[in-house]
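See below for the structure under consideration.
Any read-out appearing in this document is the output of simple, stated calculations on the displayed coordinates, not a laboratory observation. Here the structure is a predicted model, which means the values were calculated and not measured. Cβ atoms come from the backbone with ideal geometry, glycine included; neighbour counts cover every protein chain shown.
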Amino acid sequence: MENLHQFDVIVIGAGGAGLMAGLYASRTAKTAVISKLYPSRSHTGAAQGGIAAALGNIEKDTPEWHCYDTVKGSDYLGDQDAIEFMTNEAPQIVYELEHMGLPFDRTPEGKIAQRPFGGHTNNESGRPVRRACHAADRTGHMILQTLYQQCIKNKVNFFDEFQVVDFLMVDGKAAGVVAVELATGQLHTFHAKAVIFATGGHGRIWEITSNAYALTGDGIALALRRGIPAQDMEFFQFHPTGIYKLGILITEGVRGEGGVLINGKGERFMPKYAKTVKDLASRDVVSRSMYLEIRDGRGINGQNYVYLDVRAETVNKYAAIDGRTNPDGTPYTVTGEEILKKLPDIIDFCRTYLGVDPITQPMPVQPTAHYAMGGIPTNVYGEVLLDENKTVVPGLFAAGECACVSVHGANRLGCNSLLDIVVFGKHAGQRAAEYANGADFAALPTAPEQPARAALEVFYKGDGAEKVFDLANEMKHEMFANMGVFRIEEGMKHALAKIRELKERIKHIKVSDSGKIFNMELINAWELNNLLELAEVTTVSALARQESRGGHAREDFPKRDDANWLKHTLAYKKDGKVELKYKTVAITKYQPKERVY
Amino acid sequence: MATKSRTLPLSKRGLNFEMLMWIFTRLSALAMYALILFGVIGALIMGARNQMSFADILRWGFMPNSTHVQSTNVPDLAPWSSFLWNLTATLLLLVGTAHGVHGLVVIADDYVTSPRGRLVLRFLSIVTMISISIIGAYVLWAL
Amino acid sequence: MGLSRNVSLSTALRYKGQGPFLTFILHRIGGLGMAIFIGIHILASFLSGDVGNAINAVYESWVFQLFIFFCVLFHAINGLRITIVDLWPKLIEHEREAIWLEWAVFIPVYAIAAFAIIRSALGG
Amino acid sequence: MEVTLKIFRYNPEVDQKFHYETYTLEAEETDRVLDVLERIKGQKDGTLSFRRSCAHGVCGSDALRINGRNMLACKTLVRDVGEKITVEPILGLKVIKDLIVDMEPFFDNYKKILPYFINESPLPADGKERLQSAEARARFDETTKCILCACCTTSCPSFWASDDYLGPAALVTAHRFIFDDRDEAAAERMQIISETSGLARCHTAYNCTLACPREIPITQAIGELKMVSVTGKLD
Ligand SMILES: Cc1cc2nc3c(=O)[nH]c(=O)nc-3n(C[C@H](O)[C@H](O)[C@H](O)COP(=O)(O)OP(=O)(O)OC[C@H]3O[C@@H](n4cnc5c(N)ncnc54)[C@H](O)[C@@H]3O)c2cc1C
Ligand code: HEM
Ligand code: SF4
Ligand code: F3S
Ligand code: FES
């Protein structure tokens, strides 16, 4: 067979999770990292604010506080054993990144600098704590670059611009993947003992999103088609501050540095909704508050956006009102120049795309689809779990945003994702290599690339009545309108009907590009199919969950319902239908209680 | 915080032929400026203000060689062909030739990329440089 | 498969590189021009005789003088700028201003000299 | 407003030679050129191929020559370039299809300069971070911003002439490590970038700095490296 490759471990995706997994797996096993983008193009590079770890470099902080904040942030849906595991590992893994050369910003003593971030608090005072370790406002960029560089140093094998289009399972075990080499259009079969999915998020389901074009949820969709469930898909995070209309993210770090949200009446509205931490409440809370302000006509000029104001005078005014102080006890004040230095990229985005200069003008913002809390269920070692009994799928691993450990539960805290991808990327890599070293190759099916070829060729057979572009737009629009910050039964039903209609209409697509080389039209059609799959699963999971929790807020069920719904959703795809099962939440130290900020 | 020396020893800073010539190009540029300035000031002292056009002064500045003032109104060529000026002219010639020939090498390097081609080029350029220098010096002193 | 990577001179010159790129091109032309013509000039003075005279005749023509003077002056002024920013890389921040300044010096000096060359050419 | 795009097209499977194709469509002033390209691909001509991902200038996928100058399609608004827009692939790399070029030589050059942190000394005994002063960190801040988009390298006349020139992007990364006082391989890197195809091939053409979407002072960084080569001083 031509184009057959054999590796002990195959990592799909070269974002932070994939690179970390690749780095660790390649230490003891023959490993390849396959990515549809050049590794440095992965969306981890877009992450701005920081990576959370209780280093206590500037003020007192402990992993226990970090753990509690994460549990609370998750609206008690996070598995507490996993969260504790992650927050305990956090300081060491941040030091490890520093040892790899990551250029963190520094405190005057030369230690890693930290800034406050939403939902991260001093558990004694309830005030925001400086826990986010940062490199200006391009922490993700630095993580991605550093890990890629370390992979080059350690001679990790890369298959760049190879898009995985099928996942092979034999007798319930992972056996490899099939990928299209974009530059030639040829199919390659990768035979492996262990497969690690690290394909990132799927924010492209929504219209206004901070996510890249490439974030089409390929990994989760591929797994679903092989009978692997998708967990907690109804929980998707809407980040409160996306640039109006574009969705480009403005980091929470802006509010960490003292920026505040202002409504159409010129009022700072967050204290109404979160008495103690105000603008630094967790994201679901802030997004909902913004939505409520807008709904009640207090958007700017009655429109559907509010202002994020980080002008020095505003910051200083509210810092004085809040009694915010520097670590040495002096009142906190900033100048425009300091803001520019700490948030250069954000300021550049606003100037480029809006013609607005945040140093002198407030920025128009609206909630933007941002982060998938749900994904492929795994344990803390990245092993994929098949069912509610946590049965491990041999040889299959997942890490990063496409996985659901679940450390984020119903709502992720800022800066916990970069932590998640490095901690669990590392463990998935290690465990996969261990597994591969003790396992044999599963036999490949005959003609392993055949199903993938068929799945792609479908797109040449339609009658051409529909276009990828239009279907994608209809999906995004529908999902943003009815599966956004707030949800209600009729709306979700409408969305589900629409998604099902689109799933029919996609059969009419006919790809006009008949070439093999960089046939991106074909690839985009295939990706749309994945997005629709995930949109359906998300909507079905959301319809079933009759409560409001974290990122899933229902107007018809505004309260959290621990009696009935303190459980994870597992969605399966069987014979074209979505089936739901439920799994218990691991609760160790912290009993659910009401969540106030 | 790091206390180790932040200076690279000469053997390790990669100061090879290319970089040596790079800095030579800048220093020779400065040297040429100095020599030209010297020539222009000298010409002014020798009365060029009334006897030569602006362009002629500059031409003299670039190469203080008495043939360059022949066609002007300078009454007496003697002071213009003194030992001092011949020496200045020679220095300019040597520096300028080295600078210019290496400049040609730099341009050629853009198009000749095989290591062997480059080696041949370097060899040719050294030959050219030396021969032009000798011929030029001969012209200055002997003719 | 694939178009060659080769960038032809005409494509390269069409790149919209703005002021600094223009000075780079002119600097190169100037350096090249000088190197070639000064080389020939020295040879001509050495050979004298008929060949030498013929070459010298070309060198005396005012069109040629305008050209070579452009080469010399531009290369010298621009070369000074390059030398300064190369030795103090921090100054590159002021690249734009430096290039303005350079033209501000070059244009009047060249204009005066060109005027002198042309006048002497006309005047005989 | 109505915009007209003249786009470089080349399909290796049919064309012997490249050609240009013109598309006219409605666009807002604040649309990114990338948005317009997406619409052309989505609605007018599905065969048009280009790379893109993040759509806000942080991934480095979509470096293109727009109206004759290198920029990111996603960081360029229609109002910045006017109604007549010419879009071509970046120069000096082989065109594979339409606007997609072969990036391998670019990444190969990057890999030559040891683009990774090297410090073999023992870690701090407490297992914590290596200390670094805020000033030392600031020393190389600008050059950490690089997203490897290749706007710079493919605007550089020295790179156009021959792709063995490491190019500004590789030198930017070299700068990032050489000026990081935690790194211990400055000398090795200096030797690599001072070879024939390194520093000396930069003639301060400055196209790179003007093209860089991250506004990295590239020419200055290269200048600093040249001075390190000459003086040996890293501060
Ligand atoms: C704008 C923005 C800002 C953020 N800021 C922060 C922050 O400050 N702090 C924080 O903690 N988190 C932040 N996040 C979240 C965090 O960045 C992401 O969740 C995280 O980077 C995801 O990493 P990943 O490795 O899972 O996936 P990604 O980095 O998205 O990588 C996915 C990889 O999978 C590959 N891939 C996908 N499909 C295929 C396929 N079919 N075949 C082959 N390869 C494939 C892609 O090429 C890519 O390499 C932010 C997210 C966004 C969008
Ligand atoms: C005051 C006089 C001069 C100054 C200040 C000067 C300055 C410079 C500088 C700084 C460079 C380097 C350009 C680079 O690497 O980017 C250079 C290159 C060059 N110089 Fe000169 N120079 C002078 C005179 C001359 C003369 C007299 C000649 C010819 C004999 C000459 C020929 C060249 C050539 C051919 C190059 C290479 C051009 C290139 O790389 O693009 N220069 N000069
Ligand atoms: S230096 Fe700038 S232009 Fe060059 S690759 Fe990096 S980001 Fe792109
Ligand atoms: S364009 Fe090229 S020549 Fe130098 S200043 Fe930039 S690398
Ligand atoms: S699409 Fe990422 S830089 Fe333009």
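Values for this structure:
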quantity	calculated
The stretch A:261-383 - percent relative contact order, Cα under 8 Å, separation 6 or more	23
Distance between the stretch A:244-284 and the stretch A:118-189 - C-alpha centres, whole angstrom	29
Charge sum, other residues only, whose C-beta stays under 9 Å from A:Val286's C-beta, Lys/Arg counted +1 and Asp/Glu -1	0
Alpha-carbon radius of gyration plus Dmax, which is the widest Cα pair, for the stretch D:104-231 in Å	14.8, 51
Two-site label geometry, A:Glu555 and C:Leu32: point separation in nm, points 7 Å out along Cα→Cβ	7.1
At q = 0.06 Å⁻¹, base-10 log of I(q)/I(0) for the protein assembly as shown (Debye sum, equal scatterers on each alpha carbon)	-0.52
Cα-projected label distance for B:Gln51 with A:Gln361, points at 7 Å along beta-carbon direction, nm	6.8
Chain A: angle of helix A:489-505 to the longest principal axis, Cα-based, in degrees nearest 10	30
Lysine pairs with alpha-carbon atoms under 13 Å apart, the stretch A:450-561, spacing 8 or more or separate chains	6
Chain B, helix-only ellipticity at 222 nm - DSSP H runs n ≥ 4, -39,500 (n - 2.57), divided by all residues, nearest 500	-23000 deg cm²/dmol
Nearest 10 degrees, 0 to 90: helix A:468-482 Cα axis against chain A principal axis	40
Between helix A:16-28 and chain A: long-axis angle, C-alpha atoms, 0 to 90°, nearest 10	60
Neighbour-limited loop hits for trypsin sites (Lys or Arg not before Pro), the stretch A:139-202 (at most 11 other Cβ within 10 Å; DSSP other than H, G, I, E, B)	A:Lys155
For chain B, built as a Gaussian network whose Cα springs stay under 10 Å, the top-fluctuating residue of B:Gly103, B:Gly39, B:Gly14	B:Gly14
Sparse-neighbour loop sites [GluC sites (Glu not before Pro); the stretch D:67-169; at most 12 other C-beta within 10 Å; DSSP]	D:Glu120
Gain in span if fully extended, D:Met1 to D:Ala138, counting 0.36 nm per residue against the direct Cα distance	44.9 nm
Length-normalised contact order for chain A - Cα pairs under 8 Å, 6+ apart - percent	22
Packing-based ranking, highest mean first, of A:488-499, A:356-367 given that Cβ atoms within 10 Å are counted	A:356-367, A:488-499
Mean Cα-pair separation over length for the stretch A:475-524, i.e. relative contact order, pairs under 8 Å, 6 or more apart, %	26
Ordering of A:586-594, A:260-268, A:38-46, A:91-99 by burial proxy (mean other Cβ atoms within 10 Å per residue, highest first)	A:38-46, A:91-99, A:260-268, A:586-594
Virtual spin-label span in nm between A:Lys265 and A:Gln6, 7 Å along Cα→Cβ	7.2
Highest-MSF residue in chain D out of D:Thr153, D:Thr219, D:Thr30 [GNM, Cα springs under 10 Å]	D:Thr30
Centre separation in Å (Cα based) which lies between the stretch D:130-152 and the stretch A:336-408	23
Separation of alpha-carbon centers, the stretch A:35-82 and the stretch A:491-554, rounded to whole Å	29
DSSP bridge orientation in the protein assembly as shown - percent antiparallel, rounded to nearest 5	70
CD proxy at 222 nm, helix term only [per DSSP H run n ≥ 4: -39500 (n - 2.57); per residue of chain C; nearest 500]	-28500 deg cm²/dmol
Entries of A:Lys245/D:Lys44; A:Lys245/D:Lys75; C:Lys16/D:Lys84; A:Lys155/D:Lys128; B:Lys12/D:Lys145 with Cα pairs more than 18 Å apart	A:Lys245/D:Lys44; A:Lys155/D:Lys128; B:Lys12/D:Lys145
Theoretical FRET efficiency, 1/(1+(r/R0)^6), r = Cβ-Cβ of A:Lys60 and D:Glu104, R0 41 Å, to 0.05	0.25
Net +/- balance of residues flanking A:Thr31 in space, Cβ distance below 12 Å, scoring K and R +1, D and E -1	+3
Of the trypsin sites (Lys or Arg not before Pro) in the stretch C:55-124, those whose Cβ has at most 12 other Cβ within 10 Å and which sit in DSSP loop	none
